[in-house]
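Novice: The following block contains the structure, expressed as structure tokens.
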Amino acid sequence: MLTKFVAARFIKILESGRTSPILLECEAADNMAGALGTFVVKARGLPEVSDYELFVETLAYLLAQELDVETPRAVLVELSQDFADLINPILKRSGLSVEEGLAFGSELVPGAVPVTGSEYLNPDQLEKVLNIFCFDSLALR
């Protein structure tokens, strides 16, 4: 089961990724009042993000957890209309916008190295990257 968080602060647009995800600070909803987290968020309105894509992303995460594929913690992120209205002028400068509703968030892992192909990975890192790549290729396509 995924925990629900509420978007509280826009941090930035992430440069990598076909969906142009956004980095948000979020507050835990009801049962975990006061808990904060920073999440990479895919929301409706961003490129290639639809209700179907959010469903597939969530299902794939739950399946990965069941198969013990190492993944960052995932949550559902509630974007209010007020929050969307507040950040859309900033996003529009990059040709983006978000819609209100539930989005999919992955917890930002401090020190995680994005793989761009220009760096060398040690054997443990390479195994983790290949596991995630293979899982995504099989589960999401």
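Novice: Which one is nearest to L130 (Cα to Cα) among residues in the range 59-102 that are in a helix (DSSP H, G or I) and open to solvent by less than 30 Å² (accessible area, probe 1.4 Å)?
Specialist: A64
Novice: OK, next. Of the residues that make up the range 103-125, is at least one modelled with pLDDT under 75 and part of a helix (DSSP H, G or I)?
Specialist: Yes; the residues of the range 103-125 include at least one that is modelled with pLDDT under 75 and part of a helix (DSSP H, G or I).
Novice: Within the range 1-20, can you find the residues that are open to solvent by less than 60 Å² (accessible area, probe 1.4 Å) and not in a strand (DSSP E or B)?
Specialist: Within the range 1-20, L2, L14, G17, T19, S20 qualify.
Novice: Looking at E15, E53 in this structure, which one is acidic (D, E) and closer than 13 Å to A103 by Cα?
Specialist: Just one listed residue meets the conditions, E53.
Novice: Right, next: Does E25 satisfy being in a loop (DSSP other than H, G, I, E, B), of a type outside the set (G, A, S) and either closer than 25 Å to N88 by Cβ or open to solvent by 90 Å² or more (accessible area, probe 1.4 Å) (or both)?
Specialist: No, not satisfied.
Novice: With (1) in contact with a strand residue (DSSP E or B) (Cβ under 6 Å, 6 or more places away or on another chain); (2) within 27 Å of L130 (Cβ to Cβ) as the list, and F55 as the residue in question, which single condition is left unmet?
Specialist: Checking F55 against (1) in contact with a strand residue (DSSP E or B) (Cβ under 6 Å, 6 or more places away or on another chain); (2) within 27 Å of L130 (Cβ to Cβ), the one that fails is (1).
Novice: Among what's in the range 103-115 and is of a type outside the set (A, V, I, L, M) and open to solvent by 20 Å² or more (accessible area, probe 1.4 Å), pick the residue that is nearest to V41 (Cα to Cα).
Specialist: S106
Novice: Here's something else I'd like to know. Across the range 58-68, what is the total count of residues that are closer than 11 Å to L2 by Cβ and within 13 Å of the chain's Cα centre (by Cα)?
Specialist: So the count comes out to 2.
Novice: Could we say that F39 is out of contact with any helix residue (DSSP H, G or I) (no Cβ under 7 Å at 6 or more places or on another chain) and open to solvent by 50 Å² or more (accessible area, probe 1.4 Å) here?
Specialist: Taking the combined requirement at face value, the residue does not satisfy it.
The values are calculated or read from the model by the stated rules, or taken from the named source; none is laboratory data. Because the structure is predicted, anything quoted here is derived from the model rather than measured. In this analysis, Cβ positions are derived from the backbone assuming ideal geometry, glycine residues included, and neighbour counts consider all displayed protein chains. Note: accessible area is taken over every heavy atom of the protein model, side chains too, but ligands, DNA and RNA are not part of it. Shrake-Rupley method; radii C 1.70, N 1.55, O 1.52, S 1.80 Å.
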